[in-house]
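The values are calculated or read from the model by the stated rules, or taken from the named source; none is laboratory data. Only a predicted model underlies this, so the values are computations on that prediction, with no experimental measurement involved. Cβ atoms come from the backbone with ideal geometry, glycine included; neighbour counts cover every protein chain shown. For accessibility, only protein heavy atoms count, side chains too; no ligands or nucleic acids. Shrake-Rupley method; radii C 1.70, N 1.55, O 1.52, S 1.80 Å.
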Amino acid sequence: PQENLWVRFTPKAGGRPSHARTDSNGDFTIKYMAEDGALIGTHEVVIGSGGEVDDRGNPLTPAVELLRQDVEVESGSNELNFDIP
């Protein structure tokens, strides 16, 4: 498990992406706007580290992509596990 990784789900059919950060157990709950979840359908998932910014939006660390993978989000609860190389 890796803490503080960013997770982005981008719908392949278009629409707003969903985002999350992993906790100390490597778990995350994806957020779509202010709600938990993501749009139903195929998403490109990108997981990375870094990319933090200060309160003015200035980058503190470079973003590093660790994984890129397509997944299917279904209606209801989804549990997805990703193996970071």
* Determine whether Thr61 is touching a strand residue (DSSP E or B) at 6+ places or on another chain (Cβ under 7 Å), surrounded by fewer than 16 Cβ atoms within 10 Å (Cβ to Cβ) and of a type in the set (Ser, Thr, Tyr). => no
* Among what's in the stretch 1-21 and is touching a Pro at 6+ places or on another chain (Cβ under 9 Å) and not in a loop (DSSP other than H, G, I, E, B), pick the residue that is nearest to Met33 (Cα to Cα). => Ser18
* To do: Would you tally the residues in the stretch 44-76 being of a type in the set (Ser, Thr, Tyr) and within 23 Å of Pro11 (Cα to Cα)?
  => 2
* Structure fact -> Selection from the stretch 29-40 of residues surrounded by 14 or more Cβ atoms within 10 Å (Cβ to Cβ) and over 19 Å from Asp83 (Cα atoms) yields Lys31, Tyr32, Gly37, Ala38, Leu39, Ile40
* **Residue check, Gly26 modelled with pLDDT under 95, open to solvent by less than 80 Å² (accessible area, probe 1.4 Å) and either assigned to a strand (DSSP E or B) or not hydroxyl-bearing (Ser, Thr, Tyr) (or both)** => yes
* Quick one: Glu65 ticks every box in (1) in a loop (DSSP other than H, G, I, E, B); (2) charged (D, E, K, R); (3) within 23 Å of Pro1 (Cβ to Cβ) except a single one, so which number is it? => (1)
* Single residue of the stretch 68-85 satisfying the filter (part of a loop (DSSP other than H, G, I, E, B) and open to solvent by less than 100 Å² (accessible area, probe 1.4 Å)) that is farthest from Glu35 (Cα to Cα) -> Ile84
* To do: Mind counting the residues in the stretch 31-63 that are more than 13 Å from the chain's Cα centre (by Cα) and among the β-branched types (Val, Ile, Thr)?
  => 4
